[in-house]
Structures are given as structure tokens and as C-alpha cells.
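In what follows, a structure is listed as C-alpha cells, so that the remarks can point back to it.
The values are calculated or read from the model by the stated rules, or taken from the named source; none is laboratory data. Everything numeric here is computed off the predicted structure, so don't read it as measured data. Cβ placement follows ideal geometry from the backbone for every residue including glycine, while neighbour counts extend to all protein chains displayed. To get the accessible areas, we keep the full protein, side chains included, count just its heavy atoms, and leave off ligands, DNA and RNA. Shrake-Rupley method; radii C 1.70, N 1.55, O 1.52, S 1.80 Å.
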Amino acid sequence: MDKKLRSAVIAGNWKMNKTPAEASALIGEMIPLVKDADCDVVLCVPFVDLDAAMNAAKGSNIKIGAQNCHFEKSGAFTGEISADMLSSMGVEYVIVGHSERRTYFGDTDVTVGKRLKAALDAGLVGILCVGEYLEQRKQGITAELCAMQVKIALQGLTAEKLKNVIIAYEPVWAIGTGETATSDQAEEVCAVIRETVEAMFGKASADAITIQYGGSMNAKNADELLSKYNVDGGLIGGASLKAADFAAIVSAASK
Ligand code: PGA
């Protein structure tokens, strides 16, 4: 990555793991390990852990995010949480469009775009996830598909709003499988994403936007993935549940 142009962001995605007490304990373990990070460090935790996580992270360089938000401000949406609810409690980041939301909970490119806009309107930083299924990679449509996902989600945003967007390229076949994209595969798609942003918002916006790779990034492969020009960080699932592993990735991004 080019640290002169943009900042590295390592974000953990805890998914449906950890009780509030466990979240506090894990963050307590992480704080001393990541305190000298030369990158942004974020943990996206379950909704019910947000309060405990923010308290545990207070005074440290760890920022807290959620894993989803609804696109309406309020209303009859049982089980959903609005972006305003998150920002009102001090949450700073939110993931939108994770492939598990798209696959299991019916999120579409259009609803992901709406969730992203709601997040930005509420003053949150949105981590927009895009990525292809293995079948789609085999069909040779990865670049087109990821570009399309980005285009639909970013449609209608201003360049100013885009400053609060991070894009995470997460090939679905690499998530939680232990099978990581090669650094060249990651670089290739992250470059396509940056070109897509450039076509929509111009070069300055494209140069400035942080694009993460996600999908079985771990303490061993982080160095190589993060050495690529267009890979500006990582969205980390499994390895973010272990303090030492997560800290090793943060160190790799701090070089
Ligand atoms: P993983 O998950 O690191 O466990 O593959 C990444 C993600 O789903 O964001």
C-alpha cells in the first residue's frame, strides 16, 4: 500500500462470537499488543457487545464498530438496528454487505447500498464488503461482478461522503475456509475496485480510499497480502478472535 496516500485499516469482524464479558476480556488482552500500531485498529463486534467493547477500549487506540445496520431511521423492522442508534451510542464503524448477510439474510446490492448511505448519513464509517463466489470466479466474472457491486453501493454518494467509506474485497470462497486468495489475486481485484472508484469519483478519491482484503487473512500471510500496492488493510474474521494473531496482523500493517 501507499501510506502517503491513504491509511491502513485492520478491522476485526467477530461475527456471532463473544459475550459482553468475553468481549471486554479479549479487548483487554489486545490493548497492550496493538498500542503502538501505525494503522487504524477497529473491532466490529455483535450489537450486544458494543457497550462493553467501547468501555473496554476507552483510552486505547482500538475503535469499535458494528456488523450491520438498517437503512431506515426507525420503524417496524423487528430485530434490526438503525445507524442512528449506533452513532448515538458512540460507535464509529459499521460493516455493510458482508457475504454472510448477503447469503443468509437476503441482503442485495441495492439494500447494501441503502445501508451504506444510512451509515454515512449517521456519521459512521462504512466498511462495504464485496466479493465473488467460487463459481463466479470459475466463470471469469470476478472483476465485472465486484465492479458492479461497488458501483451499485456507491451510486449517488458525494466525494465528501466517500471519505467515510472503506471497501473490503472478500472473495466468498476464502472466508472462514483457510483458503486465502494469493496476494496477486487480491491485488488484481483491489485494483479493479480502485479503478471503479476512479471512474465514478475521480483520481483523488480513488487514491485516497482504503481498500481492504478479507478472507482467511492471518498472522502468517498478512505481510505478503499487505505488501501489495492496492491492499490497504484487512477485514479479519477468525484471526481477530485471538489477541496474538490479530496483533501480528496489526504489526504487519504498521510496517
Ligand atoms: P475470515 O473472515 O478471516 O475468518 O476468513 C473474514 C470475514 O468474513 O470478514
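Applying the criterion of at least 3 residues that are within 25 Å of Gly215 (Cα to Cα), touching a helix residue (DSSP H, G or I) at 6+ places or on another chain (Cβ under 7 Å) and open to solvent by less than 10 Å² (accessible area, probe 1.4 Å) to the helices (runs of 4 or more DSSP H) found wholly in segment 59-138 leaves 109-121.
For the residues Glu187, Glu195, Glu179, the requirement of being open to solvent by 50 Å² or more (accessible area, probe 1.4 Å) and in a helix (DSSP H, G or I) singles out Glu195. Within segment 139-170, the set of residues being under 19 Å from Cys44 (Cα atoms) and either part of a loop (DSSP other than H, G, I, E, B) or at pLDDT below 95 (or both) comprises Asn164, Glu170. Looking at this structure, is Ala56 at pLDDT 95 or above, touching a strand residue (DSSP E or B) at 6+ places or on another chain (Cβ under 9 Å) and assigned to a loop (DSSP other than H, G, I, E, B)? Judged against the criteria, Ala56 is not a match. Residue pairs whose Cβ atoms lie under 6 Å apart, separated by 6 or more positions or on different chains, with the first residue in segment 22-42 and part of a loop (DSSP other than H, G, I, E, B) and the second of a type in the set (Val, Ile, Thr), are Ala37/Val250; Cys39/Ile10. As a summary of the residue check, Lys15 satisfies the conditions (1) open to solvent by 70 Å² or more (accessible area, probe 1.4 Å); (2) within 16 Å of the ligand (Cβ to nearest atom) except for the one numbered (1).
As for segment 209-222, it holds at least one residue that is in contact with a Lys or Arg (Cβ under 6 Å, 6 or more places away or on another chain), hydroxyl-bearing (Ser, Thr, Tyr) and more than 14 Å from the ligand (Cβ to nearest atom). Just to be sure, is Ala153 aliphatic (A, V, I, L, M), open to solvent by less than 10 Å² (accessible area, probe 1.4 Å) and more than 16 Å from Ile209 (Cβ to Cβ)? Judged against the criteria, Ala153 is not a match. Of the residues making up segment 199-255, just one is part of a helix (DSSP H, G or I), aromatic (Phe, Trp, Tyr) and more than 17 Å from the chain's Cα centre (by Cα), namely Phe201. Scanning segment 87-115 for residues that are aliphatic (A, V, I, L, M) and within 16 Å of the ligand (Cβ to nearest atom) yields Val94, Ile95, Val96, Val112.
Taken together, the criteria exclude Glu170 from residues that are more than 26 Å from Pro32 (Cβ to Cβ) and either more than 15 Å from the ligand (Cβ to nearest atom) or surrounded by fewer than 20 Cβ atoms within 10 Å (Cβ to Cβ) (or both).
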